[in-house]
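What follows is a short report on a single structure.
The values are calculated or read from the model by the stated rules, or taken from the named source; none is laboratory data. Just so it is clear, the model here is predicted, and its values are computed rather than measured. Positions of Cβ are backbone-derived with ideal geometry, glycine not excepted, and every protein chain shown enters the neighbour counts.
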Amino acid sequence: MALHSVNLNELFTYCWDMIRAIRACKTAAEERAVVRKECAAIRAAINENDQDYRHRNLAKLMFIHMLGYPTHFGQMECLKLIASAGFPEKRIGYLGLMLLLDERQEVLMLVTNSLKQDLNHSNQYIVGLALCALGNICSAEMARDLAPEVERLLQFRDPNIRKKAALCSIRIIRKVPDLAENFINPTASLLKEKHHGVLITGVQLCTDLCKVSEEALEYFRKKSTDGLVKTLRDLVNSPYAPEYDIAGITDPFLHIRLLKLLRVLGQGDADASDSMNDILAQVATKTESNKNAGNAILYACVETIMSIEDNGGLRVLAINILGRFLSNRDNNIRYVALNMLMKAITVDAQAVQRHRATILECVKDSDASIRKRALELVYLLVNESNVKPLTKELIDYLEVSDQEFKGDLTAKICSIVSKLSPEKIWYIDQMLKVLSEAGNFVKDEVWHALIVVISNASDLHGYTVRALYRALQTSAEQECLVRVAVWCIGEYGDLLVNSVGMLDIEDPVTVTESDAVDIVEIAIRRDTLDLTTKAMAFIALLKLSSRFPSCSERIKDIVSQYRGSLVLELQQRSIEFNSIILKHQNIRSALVERMPVLDEATFIGKRAGAMPTSVSTPSAASINLPNGIAKPSAVPLVDLLDLSSDDAPAPSSSGGDFLQDLLGVDLLPSSNQSGINPVPQNGTDVLLDLLSIGTPPAQSSPSTPDILSSSQDNKTPVSPLEGLLSPPSQPKQAASAGAAPVVDFLDGFAANPPKPEDNGSAYPSIVAFESSALKMEFNFSKPPGNPQTTLIQATFTNLSSNNYSDFVFQAAVPKFLQLHLDPASSNTLPASGNGVVTQNLKVTNSQHGKKSIVMRVRIAYKMNNKDVLEEGQINNFPRGL
Amino acid sequence: MCFEKVIRELSGVILTRGPKLCNFVEWRGYKVVYKRYASLYFCMCIDQEDNELEVLEIIHHYVEILDRYFGSVCELDLIFNFHKAYYILDELLIAGELQEPSKKTVARLIAAQDSLVETAKEEASSISNIIAQATK
C-alpha cells in the first residue's frame, strides 16, 4: 500500500476542474449530471475513509452546496478535518462546518470537544479559527460548555484573539442570557483598549450585554458612560489616521457603534443622557455630510438623539438633519430619512408634520422602497385636521401609480378614510373614488363596510345610488365597484330613477327604469367579472323586477336565459328567480323588500372579533361570502319570514314543501339515496332542516322532490334568499323588520337551536367567568352522533348597575380545537341582570377523549362610554367534552 | 430556508431595480442592503433597526479588501477562490458583527494564515520526497 502525499495544489486544481466543468454546462440537466457524478465520487471516497483527498472533497462539496444541492453526507468530513492536526486541514474544516451545518444539527454536538481543544491551542491562528466558527454557529449547549474558554480569551495577549472572543461572547450571551454577568468585568476592560478592532468589538459586546441584562445596563451606565463619551470625543477630534480613514473621517464604524451604545445607555436615564449632550451636538454639527460615511454617522447620531432623554435643542438639530436628508437627491439618504421620521413621529409629531409636503412627494417616487416607507409615514401623519387634503393627494396619485403599488396604496387609503372620516357623505365620496380607480384592489371587508355605511345613511341613499350609477358608466371593469353598485341599484333603484333626495351639489341625471336594468344586465354579461358579482347582479335584477313593473317581463327574459348556464350557481339562481317571478307574484314584492338597515355596531364588533388570528368567528366567513354564494352559517332566516306569514303556516308539512320548492333546498338527493333518514317528528323539524341550522343534510325531510332539486346534486345548501341579505344582519333586527308572530317563533330558534334529546343535559352548566361586573355561564350539549362537537350556549349577565353597550365577546382556543362563534343575541347588556345576552359557540375537539377543552376569552364593552376589557381563561370545562 | 432559494428570491427583487434607486429593499421582515460592482452584487441582510448606510460602507470595505488581496478582483477570482473570499469575510465579520475596521490588519492576518498553509505544503512535499527516496 502506497502512502499518498498531501498535495494542496492538487486539491484546488481538482476543485477548479469541477468548477470549470460546472460552468461549462449549458443546461440545468447537464449541471445536475456533473454534480451527481462528483457527489458519487465523493461519497465513495468518504466510504473508503480516504484521508488524502478529504479537503479537496470538502471544498467541492462547499461549492456544490452553494449551488443548492444537498450535501449532508459530507458533514462528518468537516468534523474529521477539524480533528486533524494541521492548520490547512482545520482551516477548511471549520469553513465547511460554518457553511454546511447550522446549529440545529445534532452533528454539531460532536464538534464541541474539538472546539475546546482548539480554543486552548498554542497556535493563535487555530484559536482564531475556533472562535470564528463558534461565533457563527454556536448553540445554547455549546455556549454553556465553552463560555469559560471564551471568557478567558477576552484577556488573551494578542488583540486579534481578544476581538474575536468579544464577538463570540455576543453569540454566547444571546444564546444563554444567564451567562451575561460573567462577561461584565472583562467587557469593562475591553472598553478601555486603544486597538480599534478590540474597542469596536468590545463596544458591540457591551451593547448586547445591556440588552440582555438589566444589571449590566446599570453597571455600564454608572461606570462607563463618561469614558465612552471621552472615547467618542477623542475619535471625533483625532488627527488624520490613514489606516482607519474613510472619506476624511477616522473610523466611522467605531463612531457609529459608540453612538449606538450611548443610545442604549442614555435611554430612560436623564443623567447619562445629560452627560452625552455635548458630544452629540458636536457630532451632529461637525460631521461632513457629503459622503456616505458621514451620513451614516449623522443617521446614527439622530437616532441616538431621538432615543435618549429629551433635550429640546438637540431634538431641533436632529429634525433639521432629517429635513436636509429628506431633500437630498440621493435615494439612500431619503430612504433613511423617512425611516427615521417614522421613529421621530412619536417624539415630535409637529416637527414631522412640517415635512408633510415632501413626504407626500416621496409617496410618488419612482423607487418602490421609498414609496413604501413614505406611505407608511403618511399613514402615521394623517389626523382629523389634515385627513381631507392628504386623502385627496393619495387618491389623485392612485390614478397614476404603478399596478404593483396600488394594492398597498388602496389598503392605506381605505384605512385612513374609514378611521378618520369626518362625515358620511365624504366617506362615501372617497370610497367611490377609490372603487372607481382601484376597485380590483379593494379588500372584501372594505366594501362590506361601505355597504353597511350606505345602508345606515338613509338621507344619502339616492345620492349614493346615482353616484354609483355614474361611476359604473366609466369604470365598469372594477369588480368591487360593480358589486357595491349593483347592490345599491337593487336596493334603491327607485330612488335612482325618480331622483329622490337630490342634494344641491349633485348634477341632475335622468335615468329611466330600463337604463337601470341595462347597467345591471351589462354586469351579468361581462365575462371579466367574477361569479360573486354576477350573482349579486341577479339579485339586483330580481329586486328591480318588483320595483319596476314595466321591466318585469324583460328581467324575466334575462334571468331565464341563464337556465342552461354551465355555472351551477347562476343556473340555480336563474331557475329559482324565474320561478319566483312566474309563480309567486303575490309574494314577490314582500320577498324583495328593501333590506333592513344593517347594524353598524354589530358589523364593527364582528370585524374586531375576526381580527385575532387564533379566534374563529362565523362573521369572518360569512362576511367574505355575503351574498349567499356559499352558505353563511346560522344567520339568514330573515327572508323566510315574509314567506311563511304570507302563504303557508310554517310548521306544517305543506309549508315545508312550499318553502323547499322556493328555496331550492338541495337536501333531497341525499335523502332519496339513503332512504334511512329519520322521519321528522313535526313541522318545526322540517323548518329547521330547511334553514339548515346545525343539522346535517342527511337528516332532511323526505318530502317529494320537485323540479328544482334536479339541478342541484349534492352541493351544500344554498338558499338564494340569503343572498338578499348582503352583509349578514342580525336575527333580532330582522324580527323587527318582518314582525309577525311566526317571526318571533323562528327568531327564537335562531338564538337557541333546540337541544337534541339524547344527551342534551349530560353535562352540568358552569360559571365560566365571573368578575365584579360580569358573569358568563356556559350550558353544554352534544349533537347526536358527533362526540367531538360540543354546543355551548353562553349567557352573559351584567352584575353592575350600569348598562353596557358595544358588547363583544371573543374567544380563542388551542390548535387541537376548532371554534365557531355565532353572533350574539344583542350588543347591549342591561344593568343589574335585567336581561341577558346569549351567544352560541360550537367547539370541535380533535383530541376528544384525550384532551379537555380550554379557552381564553375576552369580553369588551362600553360602560358610561368608557371602554372596558375583561379577559380570562376557562379551565373548568366538564371532563369528556 | 435554503441558500439557493434565498438567492433566487432576492435576485428577483434586486436585479429588477433600476440603477438610480436606493440600495435597500424590504424583504420578509428584514432589510437587504445591496451594492453593485460591475456585474457583481453584494448583498447583506440586516435587521430593521440596523444602520443601512453603515452596512453599505461595510460592503465597500469588504470589496476593497478583496480588491487588494486579488489585485483588482473580478467575478472569476471569487468563483474559483470562493474559499478565500470566505476566509477574508471571516476576518472582517463574525455572525454579521464587524470585527476589524482596518483593511491593513485584515490583509496582514490573511497573509499570515496563507503562509502557514504554504509552510505546511512545503513540509508535506519534502516529507513525501523523503518517503519516495526511502521506498526506492
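Data for the structure
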read-out: Residue count for segment A:487-522, restricted to those that are of a type in the set (G, A, S) and within 16 Å of A:S458 (Cβ to Cβ); value: 2
read-out: Pairs where the first residue, in segment B:91-112, is within 7 Å of chain A (Cβ to nearest Cβ) and the second is outside any loop (DSSP other than H, G, I, E, B) and among the charged types (D, E, K, R), C-beta under 6 Å, 6+ apart; value: B:A95/A:R171; B:Q99/A:K163; B:L109/B:E91
read-out: Top-ranked residue in segment A:556-581 [being hydroxyl-bearing (S, T, Y) and more than 11 Å from A:F538 (Cβ to Cβ); ranked as surrounded by the most Cβ atoms within 10 Å (Cβ to Cβ)]; value: A:S579
read-out: Wholly within segment A:383-474, helices (runs of 4 or more DSSP H) carrying at least 1 residues that are more than 30 Å from A:V497 (Cα to Cα) and small (G, A, S); value: A:403-420
read-out: Residue that is farthest from B:L92 (Cα to Cα) [pool: residues in segment A:235-254 that are aliphatic (A, V, I, L, M) and in a strand (DSSP E or B)]; value: A:I249
read-out: When residues of segment A:192-215 are limited to those that are in contact with a Phe, Trp or Tyr (Cβ under 8 Å, 6 or more places away or on another chain) and over 22 Å from B:K104 (Cα atoms), the one nearest to the other protein chains (Cβ to nearest Cβ); value: A:L205
read-out: Condition met for A:L95 (within 18 Å of A:T71 (Cα to Cα) and surrounded by 21 or more Cβ atoms within 10 Å (Cβ to Cβ)); value: yes
read-out: 2 or more residues surrounded by fewer than 24 Cβ atoms within 10 Å (Cβ to Cβ) and more than 14 Å from chain B (Cβ to nearest Cβ): qualifying helices (runs of 4 or more DSSP H) within segment A:100-172; value: A:112-119, A:140-153
read-out: Filtered residues of segment B:1-19 (kept if facing chain A (nearest Cβ under 7 Å) and loosely packed, with under 13 Cβ neighbours inside 10 Å); value: B:C2, B:F3
read-out: Residue within segment A:771-782 that is surrounded by fewer than 19 Cβ atoms within 10 Å (Cβ to Cβ) and touching a residue at least 40 places away in the same chain (Cβ under 8 Å) present; value: yes
read-out: Options A:L167, A:L154, A:L131; residue that is touching a Pro at 6+ places or on another chain (Cβ under 7 Å), within 20 Å of B:T105 (Cβ to Cβ) and without any contact (Cβ under 8 Å) to a residue 40 or more places away in the chain; value: A:L154
read-out: Residue in segment A:456-468 that is buried (at least 22 other Cβ atoms within 10 Å of the Cβ), touching a residue at least 12 places away in the same chain (Cβ under 8 Å) and charged (D, E, K, R) present; value: yes
read-out: Residue satisfying all of: in segment A:222-260; among the aliphatic types (A, V, I, L, M) and farther than 17 Å from B:V55 by Cα; nearest to the other protein chains (Cβ to nearest Cβ) among these; value: A:A241
read-out: Segment A:841-881, residues that are more than 25 Å from the chain's Cα centre (by Cα) and of a type in the set (F, W, Y); value: A:F877
read-out: Residues of segment B:24-67 satisfying the condition of being part of a helix (DSSP H, G or I), within 13 Å of another protein chain (Cβ to nearest Cβ), without any contact (Cβ under 8 Å) to a residue 40 or more places away in the chain and surrounded by 16 or more Cβ atoms within 10 Å (Cβ to Cβ); value: B:E52, B:L53, B:E54, B:V55, B:L56, B:E57, B:I59, B:H60, B:Y62
read-out: Residues that are without any contact (Cβ under 8 Å) to a residue 60 or more places away in the chain and hydrophobic (A, V, I, L, M, F, W, C), drawn from segment A:520-537; value: A:V520, A:I522, A:A523, A:I524, A:L529, A:A537
read-out: Within segment B:119-134, considering residues that are surrounded by 12 or more Cβ atoms within 10 Å (Cβ to Cβ) and of a type in the set (D, E, K, R), the one nearest to the other protein chains (Cβ to nearest Cβ); value: B:K121
read-out: Verdict on A:P814 being at pLDDT below 85, part of a loop (DSSP other than H, G, I, E, B) and more than 26 Å from A:M863 (Cα to Cα); value: yes
read-out: Segment A:301-359: number of residues that are surrounded by fewer than 22 Cβ atoms within 10 Å (Cβ to Cβ), of a type in the set (K, R) and within 11 Å of chain B (Cβ to nearest Cβ); value: 2
read-out: Candidate set: segment A:272-323, residues that are over 21 Å from A:R221 (Cα atoms) and hydroxyl-bearing (S, T, Y); chosen: the one nearest to the chain's Cα centre (by Cα); value: A:Y299
read-out: Every residue from segment B:77-90 that is without any contact (Cβ under 8 Å) to a residue 24 or more places away in the chain, within 9 Å of another protein chain (Cβ to nearest Cβ) and in a helix (DSSP H, G or I); value: B:I79, B:F80, B:F82, B:H83, B:Y86, B:D90
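For every residue, the table says whether it meets (1) more than 14 Å from chain B (Cβ to nearest Cβ); (2) more than 42 Å from the chain's Cα centre (by Cα).
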residue: A:A41; (1), (2): yes, yes
residue: A:A45; (1), (2): yes, yes
residue: A:E48; (1), (2): yes, yes
residue: A:Y53; (1), (2): no, yes
residue: A:K60; (1), (2): no, yes
residue: A:F63; (1), (2): no, no
residue: A:M66; (1), (2): no, no
residue: A:H72; (1), (2): no, no
residue: A:S84; (1), (2): no, yes
